[in-house]
Each structure stands twice: as structure tokens, then as C-alpha cells.
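Worksheet for the structure shown next.
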Amino acid sequence: MRPMASLSAEDEGKVLVDADGQTIGIVTSVEENTAFVNPEAGITDALLSAIGRGRTDDDAIVVEGDLVETVTDAELRLGSSTSDQR
């Protein structure tokens with residue numbers, strides 16, 4: 001099992017991408033190692049299901065740190081097999 005990424009307020013404003021580099025949205029806030037992401041227009045419920053997450057009341061995508069494989073200066077990248085991380 002790989003260690004989870006440590007997310008912080010410094011990650012706000014970064015782009016969340018899937019394992020293939022496709023943009024999912026922008027990190028709007030981080031609380032307790034959980035990123036809240038404003039989805040790009042056109043994101044589908046199928047994508048949300050694929051990463052095993054739903055939306056909060058304000059339509060943000062909730063992504064826990066254990067789903068994030070890589071954190072760079074510009075982006076958070078999801079792991080290639082997020083379904084195995086549940």
C-alpha cells in the first residue's frame with residue numbers, strides 16, 4: 001500500500017488531474033488532508049464514480065489524500081487505480 005499524500009492549504013489553487021493527465025478541476029480548499037475541488041465544466045457522474053467520490057452540497061468534488069499519488073507545484077495527480085484504494 002502506498003502512503004497517502006499530505007495535502008495542505010498550500011495546495012489550494014492547484015489543478016487536480018486523473019492518472020492520464022486529464023483535468024478534473026481546481027482545488028478550492030483543503031481541510032484535514034481532504035481536497036475540495038471545483039469541477040471543470042462537463043465533468044460527468046461517471047468520472048465521480050470512477051474515483052469513488054461524490055459531491056458536497058456546493059458541488060465540490062471531495063478527494064481524500066490517500067487517492068492522490070503525486071503533488072507538484074502546479075497539480076495534484078490521482079493514482080492509476082483509485083478503486084483499489086477504498
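The values are calculated or read from the model by the stated rules, or taken from the named source; none is laboratory data. Here the structure is a predicted model, which is why all the values come from computation and not from measurement. All Cβ positions, even for glycine, are placed from backbone atoms using ideal geometry, and neighbour counts span all protein chains on display.
Some points to look at:
- Condition met for residue 49 (modelled with pLDDT of 65 or more, of a type in the set (Ser, Thr, Tyr) and on the phi < 0 side of the Ramachandran plot): no
- Top-ranked residue in the stretch 71-82 [being touching a strand residue (DSSP E or B) at 6+ places or on another chain (Cβ under 9 Å) and surrounded by fewer than 16 Cβ atoms within 10 Å (Cβ to Cβ); ranked as modelled with the lowest pLDDT]: 80
Residue-by-condition table, conditions (1) surrounded by 17 or more Cβ atoms within 10 Å (Cβ to Cβ); (2) part of a loop (DSSP other than H, G, I, E, B); (3) modelled with pLDDT of 80 or more:
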residue: 16; (1), (2), (3): yes, no, yes
residue: 21; (1), (2), (3): no, yes, yes
residue: 25; (1), (2), (3): yes, no, yes
residue: 28; (1), (2), (3): no, no, yes
residue: 38; (1), (2), (3): no, no, yes
residue: 66; (1), (2), (3): yes, no, yes
residue: 69; (1), (2), (3): yes, no, yes
residue: 84; (1), (2), (3): no, no, no
